[in-house]
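Here is the structure we will look at.
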Amino acid sequence: MNSVYPSDVLADMTNIPDFIVEKINQAYQLHALGQHADAIELLNITLATTSIKEPLLRAIVQLYIESNSIDSAIAGLEQLVSIASSPNVYVRNLYSLCYSDGQKARAMNYLRRYVSDEPTDPDGLYNLADGCRRERLFDEALQHYGAAIECSFSDKSLAKLKIADIHQQIGKEEQAIGVLNEILNEQPAYLPALFNLASLCDELADKERAQELYLKILAIQPDHALAMSRLASMNMSTVESERLILTIDSALSANEYAPEELGSLYFALGKLYDDCKKYEKAAYFYTLGNKLLAEKSLPYNPMEQEQLTQDICRNFDRQWFNSTSNNLEEPFSPIFICGMFRSGSTLVEQVLAAHPDVQSAGEIDFLIKAVEKVCPDLQKPMNISDDNLLSISQEYKSNIERHLSSPRFFTDKNPLNFALVAIIKRVFPRAKFIFTQRDRLDNCLSVYFQQLDHSLNYASSLADIKHYYDEQMKLLKHWQGVLSDHDYFVVNYESLVSNFDTELANLLEFLGLPWSDTCLAFHQQKKRVKTASIWQVRQPINNNSLARWQNYKPYLKDLND
C-alpha cells in the first residue's frame, strides 16, 4: 500500500497479536478495493473488543489519511496521544498533518501543549524547536534546541547543526562558525557540519579554508557530489579545473547518484569546461543538467505567464498607485534591487553594501511572506485595505530590525519583489527601486548555466527563459510608466561594467548617498554572498561576461527572434 503521508503512524508490526494483524490486513484489502467505510468499520469493531488499541488506531489513522479525511485522521492521532506510552511520535504526526493542511497555528499548539506537559522530554523539545524554526521564531527555536541538548537529546550534533543554521539565517555568521567548530571538535568526520562550514566559508570569501574543507569531505567520502560541485564553482586555474574534471568523471563512472546530485555534477562539468574554453563540452553538460531539472519541474506555461503580466499591469495601474485612501506616512526607506536572475543584481548589491551607510539584507523573503498573508492572489489587489498595508509594513520592519543591526539604509534583493513594486510603494512611499537589466542573450544563457530551484520552471529551457525575460521587460516598462523618475533607477549591466565610475556616481546620486571610494573596492569585502554569483563578485569590475553568448552561437537557436 502506498502511503500519501510520510508519517510514523504505521510502525513495526512485530509483537502484535496475529488476530489484530489479520484484521488490519483485511481492512487494507477492503480499502484497496474502494470499500473505505467497510475497512474503517472493521477496525472500529475490533477496537471495541480488545485492550490492544494502539496498532488498530494507527491503521485507522493511516486509512483516513489515504482517503484524505484529515479531520478524522487528526481525531485518531489525538486518541493515540492520549493512550500511547510514548506519545511524542504521534504529536509529531499531528503537527505535520495539520501543517500540511494549512492549520499552522493548530500544528504549533500540539507541540507547545506536549512540551508544557512534558517539559524535560528531549524529543518533544527538539520537535518544538523545529516547528519554531520553520515559523522563523528563531529566538524560541534556539531556546528549545538548547533545552533538548540539556535534556540529553539523542543526536546532539543534529540539534547543534540546526542552531548553527539559525545563526546563519539571522546573519550571525561568527556564532554559526563557532557552533559548527564545536560539533567538529567532538566529531571531526561529521559530514553535515563539515559541508555547512565549508559553504559558509565559501560565502564569506574565505576561499582557502573553504577549499580545504571541501577536500577534507572528499577525503572522507570521495563521491560527495555537492563538495565536488562547490569546488567547481570557485575560480580555479585551468590545471585545477582539468584535475577536477577527471575526479568528477571518475565519480560518475563508479557511482549511482540521485537525480539532484547528478544534476549538480553535470552543471559542475559545464562550468569547468567553460572555464577551460571547451564550449562544446560545456554546452553538452549544461544541457544534461537542465534536462534533469526539467524532469522535476512543472511545464512552463507561456500563456499563464503572459496572463500574470497582464493582470499585474491592469490591476496595479497609475490610479491604484496614486490611491488617496492610503494614509500611511511611513518614513522607512528600503532600497529594493529588482531584476531577473543573473542580470547583475548581486553585483549592484555588493557595490552598495561596500558603502559605509548601506547594509545588505540579501535575498530575504520577509516582504513576500507578509504580502501573501493579506493578498495571496495578485489578481485581486482591491482586497488590500489600509489595515492590510499597515500589517505588511509592521511585519516587514520587525523582521528587518531583527535581521540587521542598523537598518536605516539597506538593500532587499529578492527577485520576486519585482511583481510587488506597486504594493511596496504603497506600504513604503519612500522606497527606492533599482531595476537591473542585461543583454537578453547573455542573461538567458547565464540563467541556463545555473542549477536553479526546480520551482523556477522556465529556467531549464532557453526558449522558456527567453519568453520569461521578455515578460519581465514588459513588467519593467509598466513600472517605469507608473513610477516617478525619482523612485527608480535602471542599471544596465553592460554600462555598469564598461563605465563603472560614472554609473556608480549616478546610482549614488539617485539614492541620495555621498560618494565613497569603498564602493570601488567592493570585491574586497568579506561580507557574505549566498547567490550563484559568489565568486564573480569577488573580482574587480571586468568585462569577461560581456557577449559571452558568442562562445555558444551554435546552441542558441532557441534565443533567435
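Per DSSP helix of 4 or more residues, -39500 (n - 2.57); summed, then divided by the residues of the chain. What does that give at 222 nm, rounded to the nearest 500? Walk me through the intermediate numbers first.
Values: 26 runs with 333 residues, N = 561.
For the chain, the value works out to -18500 deg cm²/dmol.
Per 10 Å bin from zero, what fraction in whole % of the C-alpha pairs of the range 168-236 is there, up to the bin with the longest pair?
Histogramming the range 168-236 at 10 Å steps yields 22, 55, 23, 1 percent.
Please report the orientation-averaged projected area of the range 208-292, defined via the convex hull of its C-alpha atoms, in nm².
5.1
Among the aspartates and glutamates, select those whose C-alpha is under 18 Å from the C-alpha of Lys466, and discard any that sit fewer than 8 residues away in the same chain.
Glu304, Glu306, Asp439, Asp442, Asp453, Asp558, Asp561
If I fit a long axis through the Cα atoms of helix 259-275 and take the longest principal axis of the Cα atoms of the chain, what angle between them do I get, 0 to 90°, rounded to 10?
For helix 259-275, the angle is close to 20 degrees.
Can you check what the net charge comes to around Ser229, using other residues whose Cβ is under 11 Å from the Cβ of Ser229 (Lys, Arg +1; Asp, Glu -1)?
Neighbourhood net charge equals 0.
Could you report the chain's accessible area per residue, 1.4 Å probe, as an integer in Å²?
On the way: 26410 Å² over 561 residues.
Ligands and nucleic acids excluded, the figure is 47 Å² per residue.
Working from Cα positions, state the angle (0 to 90°, nearest 10) between the long axis of helix 122-134 and the longest principal axis of the chain.
On a 0 to 90 degree scale, this one is about 40.
Thinking of the range 17-133 as a set of Cα atoms, what percent of all their pairs are more than 22 Å apart? Don't skip to the end; give the middle numbers.
On the way: 2595 of 6786 pairs.
In whole percent, the share of Cα-Cα pairs in the range 17-133 beyond 22 Å is 38.
Carbon and sulfur: what percent of the range 70-156's accessible surface (1.4 Å probe)?
Percent of accessible area from carbon and sulfur atoms in the range 70-156: 44.
Specify which residue in the list Leu215, Ser237, Ser199 is farthest towards the positive end of the charge dipole of the range 145-249, using unit charges on the beta carbon of Lys, Arg (+1) and Asp, Glu (-1), about the Cα centre.
Farthest along the dipole direction, towards plus: Ser199.
Which value results when the Cα radius of gyration for the chain is divided by 2.2 N^0.38 Å?
1.10
Compute the normalised compactness of the range 158-200: alpha-carbon radius of gyration over 2.2 N^0.38 Å, N being the residue count.
It is 0.98.
Taking a quarter of the surface of the Cα convex hull of the range 108-202, what do you get in nm²?
Averaged projected area of the range 108-202's Cα convex hull equals 5.8 nm².
Kirkwood hydrodynamic radius of the range 81-129 from all distinct Cα pairs, in Å?
It works out to 10.6 Å.
Count charges around Gln35 for me, please; just the other residues with Cβ under 14 Å from its Cβ, Lys/Arg as +1, Asp/Glu as -1.
So the surrounding residues net to -3.
The values are calculated or read from the model by the stated rules, or taken from the named source; none is laboratory data. Note that the coordinates shown come from a computational prediction; the quantities given were computed from them, not determined experimentally. Positions of Cβ are generated from backbone atoms using ideal geometry, with glycine treated the same way; all protein chains shown enter the neighbour counts. To get the accessible areas, we keep the full protein, side chains included, count just its heavy atoms, and leave off ligands, DNA and RNA. Shrake-Rupley method; radii C 1.70, N 1.55, O 1.52, S 1.80 Å.
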